[in-house]
1. Quick check on region 31-46: of everything there that is open to solvent by less than 30 Å² (accessible area, probe 1.4 Å) and either free of Cβ contacts under 8 Å to residues at least 60 places away in the same chain or touching a Phe, Trp or Tyr at 6+ places or on another chain (Cβ under 7 Å) (or both), which residue is nearest to LYS105 (Cα to Cα)?
2. Given VAL53, VAL127, VAL120, which one is aliphatic (A, V, I, L, M) and at pLDDT 85 or above?
3. Kindly indicate the residue of region 162-172 that is open to solvent by less than 100 Å² (accessible area, probe 1.4 Å) and within 19 Å of ARG66 (Cα to Cα) and also modelled with the highest pLDDT among those meeting that condition.
4. Being closer than 21 Å to LEU136 by Cβ and either open to solvent by 50 Å² or more (accessible area, probe 1.4 Å) or within 12 Å of the chain's Cα centre (by Cα) (or both) is the filter here, so list the residues in region 84-94 that pass it.
5. Anything in region 130-154 that is open to solvent by 80 Å² or more (accessible area, probe 1.4 Å), of a type in the set (A, V, I, L, M) and modelled with pLDDT of 80 or more? List them, or say none.
6. Residue by residue through region 95-115, note down the ones that are loosely packed, with under 15 Cβ neighbours inside 10 Å and closer than 17 Å to PRO27 by Cα.
7. Anything in region 49-79 that is free of Cβ contacts under 8 Å to residues at least 60 places away in the same chain, touching a helix residue (DSSP H, G or I) at 6+ places or on another chain (Cβ under 8 Å) and open to solvent by 30 Å² or more (accessible area, probe 1.4 Å)? List them, or say none.
Amino acid sequence: LEFRRVLFRSAGSVALIRQYLREGYYPTGVKGGSGPIIPTGALMKAMVINSAVDMPGDYQGVPLDRIPSNVQGFGRVQLDRVIYPAGLGGKTPGDRMLIVDDTSKPITAGSAPHDYDIPVSATPDAVLGNTFKVTLVWTDPPAQPLAANPLLNDLDLIVVGAGGQTMRGNDKTGTGD
């Protein structure tokens with residue numbers, strides 16, 4: 001029964017994200033404030049993952065690792081970290097979040113990197129504080145049956161900060177490894 005409740009919450013979260021995008025809330029925060037976005041499954045998955053926060057506590061007497069981990073996955077979904085109304089804390093959703101869901105730039109073997117410059121304010125955000133999260137999600141085409149390596153795309157997420165510090169996807173240490 002608990003498992004079903006978790007699935008329902010996840011499905012409900014994805015439905016709310018889809019509705020938010022389809023009704024044109026992003027990037028203004030106002031219904032119909034922009035054209036509707038027809039989100040891919042990868043975009044909705046990315047928004048759910050990006051909304052997640054660490055769960056405090058322990059599991060079987062051992063403190064939980066930071067997200068992502070084998071015990072808590074990507075954490076607890078908290079939609080108020082990706083769905084915002086207009087003017088919350090003096091900002092629009094477009095000020096807090098950059099969405100790139102561009103199916104016109106397919107990922108191909110040997111394709112060039114996709115670079116995005118994201119301005120960051122030195123003043124903490126009223127909602128997110130100093131949190132900066134980047135989520136990369138994609139949909140691989142199906143592999144051949146019984147393929148030794150069913151993963152077709154091998155994407156690397158690399159974030160370079162203003163001070164030159166390099167972070168790689170899922171790197172919780174800050175060492176860039």
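The values are calculated or read from the model by the stated rules, or taken from the named source; none is laboratory data. As the structure is a prediction and not an experimental result, all values here were calculated from the model. Neighbour counts run over all protein chains shown; Cβ positions are idealised from the backbone, glycine included. Note: areas computed on protein heavy atoms with side chains; ligands, DNA, RNA excluded. Shrake-Rupley method; radii C 1.70, N 1.55, O 1.52, S 1.80 Å.
1. Checked region 31-46; the qualifying residue nearest to LYS105 (Cα to Cα) is ALA42.
2. The conditions single out VAL53.
3. MET167
4. Once the filter is applied, which keeps residues that are closer than 21 Å to LEU136 by Cβ and either open to solvent by 50 Å² or more (accessible area, probe 1.4 Å) or within 12 Å of the chain's Cα centre (by Cα) (or both), region 84-94 yields nothing.
5. Passing the criteria: LEU146, ALA148.
6. Correct list: LEU98, VAL100, ASP102.
7. PHE74, GLN78
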